[in-house]
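A quick write-up on the structure given underneath.
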Amino acid sequence: MKRVYSKWCSVALIAAIYTIAGVAGWLLFDALAAIPLTANPLIRLLLADILATIIVWAFGLLYENVSVYDPYWSVFPPVAFLLWAFYTGAWSLPVILLLVASWYWGWRLTRNWAITFKGTAHEDWRYTKYRDRHPLVFHTINLFGLNMMPTLVVFAAMLPGLKLFESPFNSQLSTFNFILLCFGFIVCLVAPTIQLIADKQSHDFRAAHPGKVCNVGLWKHGRHPNYFGEILFWWGIWIMYASLNGIDWYICGAIAMTALFLGISIPLMEKRQLANKPDYAKYRKQTRILI
């Protein structure tokens with residue numbers, strides 16, 4: 001039976017869980033430095049990220065709620081980027097721009113989670129669906145599909161940002177590359193702003209028209225403006241990286257993030273909307289999937 005707490009007791013519980021996971025991850029990151037196979041700081045950070053995810057997953061099992069993991073997506077990147085700045089001692093302009101963008105993005109996403117979060121007794125409908133349909137293998141799906149896969153995709157998308165800390169930046173940077181860097185930063189700011197506006201429009205519309213299809217504001221021009229903003233943010237980080245390093249395999253992170261939304265998140269949401277809202281089929285024909 002799920003433990004029932006008030007919303008803000010639940011938020012405090014989530015904060016405590018994440019603090020435990022963060023401290024454990026940091027201790028592992030520090031301990032692995034003495035092992036030759038894991039001397040590379042990025043490998044150590046990845047393993048620390050995986051350990052933190054496993055701890056959050058374990059608490060999700062304890063409280064019988066996969067949604068314990070939900071804010072991890074928005075909390076880990078900005079915190080990791082900030083700690084990485086202190087760890088590397090790199091405070092170049094690209095790094096500062098990255099920190100500003102990632103904390104703005106993280107604030108927006110965590111804020112939206114806090115607004116919609118109802119407490120540990122409530123679990124996201126996607127997780128409940130998997131729990132009900134696949135009871136025998138649900139814990140495997142939970143660990144590897146619902147917790148670990150998003151962690152690894154986000155880490156891959158973070159890699160261009162992490163590499164910015166060691167990217168060359170000096171007075172000899174060409175005007176074009178500097179403009180590209182600034183463009184990437186602007187993209188990173190525009191993305192969560194789109195999400196912020198879409199959140200407000202969606203919340204206001206649902207409050208005034210429960211059960212109806214939101215087709216106002218940004219939602220009039222795209223069926224998933226919030227997902228569009230999420231995809232755009234990670235491409236913005238890659239553009240910042242590419243402005244100093246060119247195009248290489250680090251583009252795979254942004255591609256993986258795009259594939260996650262186009263291949264999994266959006267189809268799941270579309271199927272739910274079609275099943276629950278009769279007008280959604282018409283809205284779907286009239287409106288593009290992304291802005």
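The values are calculated or read from the model by the stated rules, or taken from the named source; none is laboratory data. Note that the structure is predicted; figures quoted are calculated from it, not measured. Here the Cβ positions follow ideal geometry from the backbone for every residue, glycine too, while neighbour counts run over all protein chains shown. Please note that ligands, DNA and RNA were not included when accessible areas were found on the heavy atoms of the full protein model with its side chains. Shrake-Rupley method; radii C 1.70, N 1.55, O 1.52, S 1.80 Å.
Across the range 124-176, which residue is nearest to PRO41 (Cα to Cα) among those that are part of a helix (DSSP H, G or I) and acidic (Asp, Glu)?
Top of the filtered list is GLU166.
Please enumerate the residues belonging to the range 159-200 that are under 13 Å from TRP219 (Cβ atoms) and either open to solvent by 50 Å² or more (accessible area, probe 1.4 Å) or of a type in the set (Lys, Arg) (or both).
Of everything in the range 159-200, those that are under 13 Å from TRP219 (Cβ atoms) and either open to solvent by 50 Å² or more (accessible area, probe 1.4 Å) or of a type in the set (Lys, Arg) (or both) turn out to be ILE197, LYS200.
Quick check: anything in the range 3-10 crowded, with 22+ Cβ neighbours inside 10 Å and either within 20 Å of MET148 (Cα to Cα) or β-branched (Val, Ile, Thr) (or both)?
No; the residues of the range 3-10 include none that is crowded, with 22+ Cβ neighbours inside 10 Å and either within 20 Å of MET148 (Cα to Cα) or β-branched (Val, Ile, Thr) (or both).
Could you run through the range 191-243 and say how many residues are over 23 Å from the mean Cα position of the chain (by Cα) and either at positive phi or free of Cβ contacts under 8 Å to residues at least 12 places away in the same chain (or both)?
Final tally of qualifying residues: 8.
When you check ALA198 against the structure, is it more than 23 Å from GLY161 (Cβ to Cβ) and either assigned to a helix (DSSP H, G or I) or modelled with pLDDT of 95 or more (or both), yes or no?
Against the criterion (more than 23 Å from GLY161 (Cβ to Cβ) and either assigned to a helix (DSSP H, G or I) or modelled with pLDDT of 95 or more (or both)), ALA198 qualifies.
Here is a list of conditions, (1) touching a helix residue (DSSP H, G or I) at 6+ places or on another chain (Cβ under 6 Å); (2) under 30 Å from GLN172 (Cβ atoms); (3) open to solvent by less than 30 Å² (accessible area, probe 1.4 Å), and TRP235 meets all of them except one; can you say which number that is?
Condition not satisfied by TRP235: (3).
Just name the residue that is farthest from ILE194 (Cα to Cα) out of those in the range 81-105 that are of a type in the set (A, V, I, L, M) and open to solvent by 10 Å² or more (accessible area, probe 1.4 Å).
The residue in question is ALA90.
Is it the case that the range 127-145 has a residue that's at pLDDT below 95, crowded, with 17+ Cβ neighbours inside 10 Å and in contact with an Asp or Glu (Cβ under 6 Å, 6 or more places away or on another chain)?
No: the range 127-145 contains no residue that is at pLDDT below 95, crowded, with 17+ Cβ neighbours inside 10 Å and in contact with an Asp or Glu (Cβ under 6 Å, 6 or more places away or on another chain).
Can you pull out the residues in the range 112-126 that are touching a residue at least 40 places away in the same chain (Cβ under 8 Å), closer than 18 Å to PRO192 by Cβ and surrounded by fewer than 19 Cβ atoms within 10 Å (Cβ to Cβ)?
The answer is TRP113, ALA114, ILE115.
Inspect the range 68-89 for any residue being in contact with a Pro (Cβ under 7 Å, 6 or more places away or on another chain) and touching a residue at least 60 places away in the same chain (Cβ under 8 Å) and give the result as yes or no.
yes
Could you tell me which of the residues LEU51, LEU47, LEU37, LEU13 is open to solvent by 50 Å² or more (accessible area, probe 1.4 Å), assigned to a helix (DSSP H, G or I), farther than 23 Å from MET149 by Cβ and not polar (S, T, N, Q)?
LEU37
Go through the range 55-67 and give me each residue that's without any contact (Cβ under 8 Å) to a residue 24 or more places away in the chain and open to solvent by 50 Å² or more (accessible area, probe 1.4 Å).
Answer for the range 55-67, where residues must be without any contact (Cβ under 8 Å) to a residue 24 or more places away in the chain and open to solvent by 50 Å² or more (accessible area, probe 1.4 Å): just LEU62.
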